[in-house]
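Only one structure is covered here, and it is reproduced in the block below.
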Amino acid sequence: MIYLEIYKKKLGNSKFEPHSNSDKFAFYSADLKFFRENYFQQSIIKSETPILVDPTALAYWQNKFQIELKDLSKLNLNKEDKNYNPRKLSEIGRFQCGFATSGSTGDAKIIIKSEKEILAELDVLISFVKKFKIHSVLNSIPLCHIYGFLWSYALPMELDVNVIDTSSLSQLRKELLHSSANLLVSVPSILQSLYSVSSEINPKNLEVIVSSGSRIQTELAFSLEQNWNTRLIEIYGSTETGGMGFRTPSFQDGIQFFPGVEPKLVEQELYTKSPFITKELLGEDGFYATRDIGEMEGGFFYYRGRKDRIIKVNGKRVHLDALEQEISSLLQEGEILISDFKSIEGEFKIGLLISDPNKTKELKSIQAKLSSLPSHFQPSKIYLVHEIPKLPNGKKDYQKAKNEFHTY
């Protein structure tokens, strides 16, 4: 177990003030069992603040911060206990929990969410999905991150609907064909892998796919909707902000904000205010700086990339996130990563990694496809790699890629 003073010292969150009856921080390997067998709520009942750690990133957190994972047996879960069966989060009372994340930057942090922030977002999501008449949820993602926690744990409980968890592509494919689930909760990487082996299937009852974590390719979204006769909705947000809005990638590139989310742009950077943003992260004006860059038009936000992913090449600004999307659509070669690096002369250059686990891609063919790009968009280095480097949370590790470009 790790307590507030250690958390402050190691992670620098000096603003956070815990509930007086819940100042014990307990780190848990937050796998499906932790949620489905009600250990999460049992931790809350025992006046703990459970910190949800991704089971696939335990070594990262243990090595970096020497955290001590709490043994589930110490919660003394008893099937005869009146608190054994899970309740809706709206019925539990006051609580808080933490999400251990490395976000998009790779910087380790713990984001604390109070029940007010979680329930405020749940109220918005309940209204949002009402028109879809959800009767069963098919889940393909972990519950330890805010997106999975809300969509595949908290929301189904509030709606009194069943959840079917899957842990492999074959199991997910089988459930799509035979289960009664009409909502699929997933992420772009899983959807891409699933569609590549199951494009011809006709899901039995699927009506809506919800995706988040990163932007999905427009071509994939369109193919899923057309071939599976479904609708795909992408949720935009982060652990800090929760879900800020949504878009339908096959129809609209702009993001529509959820009710209660107030956006503003400051030099193209998005600032937001809402009742489900972690309050300790808000500035003096009540807004949170997302570090996302874009434009507002007609009430929609058009995302262009991260503030720390803009460089100048030959005197011209390059949005690396936008370039990554453009090159991905141009190549249609699977997963890619675009990173900047500096030449010996200290000038910014562009590097491109392309996933090629089966060693089937040809560098000359790729270079030919990229020749149509403006000169300042042209990658100076292109490497075919077995896999794209990833952070513990599954997102692309741009810093590691940058180091690789510096090395070679």
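The values are calculated or read from the model by the stated rules, or taken from the named source; none is laboratory data. Note that the structure is a prediction, hence the values are computed from the model and not measured. Counting neighbours? That spans all protein chains shown, and the Cβs are built from the backbone with ideal geometry, glycine included.
For this structure, a couple of remarks:
- The stretch 327-344, subset over 21 Å from the mean Cα position of the chain (by Cα) and outside any loop (DSSP other than H, G, I, E, B), residue nearest to Asp292 (Cα to Cα): Asp340
- Residue match in the stretch 282-298 (condition: on the phi > 0 side of the Ramachandran plot, assigned by TED's automatic domain parsing to the domain that holds Arg247 and touching a helix residue (DSSP H, G or I) at 6+ places or on another chain (Cβ under 8 Å)): yes
- Cβ-Cβ under 9 Å pairs, at least 6 apart or on other chains, the stretch 94-117 side more than 22 Å from Arg306 (Cα to Cα), far side part of a helix (DSSP H, G or I) and at pLDDT below 90: Phe95/Ile45; Gly98/Tyr7; Ile112/Glu280; Ser114/Lys279; Lys116/Lys279; Glu117/Lys279
- Subset of the stretch 284-293 [closer than 12 Å to Glu269 by Cβ and either over 19 Å from the mean Cα position of the chain (by Cα) or of a type in the set (Val, Ile, Thr) (or both)]: Phe287, Thr290, Ile293
- When Gly315, Gly305, Gly298, Gly294 are checked against the criterion of being small (Gly, Ala, Ser) and more than 22 Å from Phe246 (Cβ to Cβ), a single residue qualifies: Gly315.
- The residues listed here are Gly298, Gly286; of these, the one that is under 27 Å from Gln226 (Cβ atoms) and among the small types (Gly, Ala, Ser) is Gly298.
- Of all residue pairs spaced 6 or more apart or on separate chains, those with beta-carbon atoms under 6 Å, a first member in the stretch 340-352 that is charged (D, E, K, R) and a second member that is in a strand (DSSP E or B) and surrounded by 13 or more Cβ atoms within 10 Å (Cβ to Cβ) are Asp340/Ile311; Asp340/Phe348; Lys349/Phe341.
- Note on the stretch 159-168: among residues that are closer than 9 Å to Ser140 by Cα and not acidic (Asp, Glu), the one that is surrounded by the most Cβ atoms within 10 Å (Cβ to Cβ) is Thr166.
- Exactly one residue out of Leu384, Leu323, Leu373 is surrounded by fewer than 18 Cβ atoms within 10 Å (Cβ to Cβ), of a type in the set (A, V, I, L, M, F, W, C), in contact (Cβ under 8 Å) with a residue 24 or more places away in the chain and not in a strand (DSSP E or B): that is Leu373.
- Residues located in the stretch 121-148, provided they are in a helix (DSSP H, G or I) and either free of Cβ contacts under 8 Å to residues at least 12 places away in the same chain or under 26 Å from Ser29 (Cα atoms) (or both): Glu121, Leu122, Asp123, Lys130, Lys131, Ile146, Tyr147, Gly148
- Strands (runs of 3 or more DSSP E) (entirely within the stretch 261-320) containing at least 3 residues that are in contact with a Pro (Cβ under 9 Å, 6 or more places away or on another chain): 269-273
- Note on the stretch 94-120: among residues that are outside any strand (DSSP E or B) and modelled with pLDDT of 90 or more, the one that is surrounded by the fewest Cβ atoms within 10 Å (Cβ to Cβ) is Arg94.
- Some residue of the stretch 337-354 being under 22 Å from Pro249 (Cβ atoms) and modelled with pLDDT of 90 or more: yes
- Search result, residues across the stretch 149-190 that are among the acidic types (Asp, Glu) and either in a helix (DSSP H, G or I) or not assigned by TED's automatic domain parsing to the domain that holds Glu219 (or both): Glu158, Glu175
- Test for Ser193: is it under 28 Å from Glu324 (Cβ atoms), part of a helix (DSSP H, G or I) and either hydrophobic (A, V, I, L, M, F, W, C) or in the same structural domain as Pro50 (by TED's automatic domain parsing) (or both): yes
- You will find that of Asn83, Asn78, the residue that is at pLDDT below 80 and touching a helix residue (DSSP H, G or I) at 6+ places or on another chain (Cβ under 6 Å) is Asn83 and no other.
- Residues that are charged (D, E, K, R), surrounded by fewer than 17 Cβ atoms within 10 Å (Cβ to Cβ) and assigned to a helix (DSSP H, G or I), drawn from the stretch 218-256: Glu219
- Residues that are surrounded by 21 or more Cβ atoms within 10 Å (Cβ to Cβ), under 14 Å from Ser114 (Cα atoms) and touching an Asp or Glu at 6+ places or on another chain (Cβ under 9 Å) within the stretch 45-62 comprise just one, Thr49.
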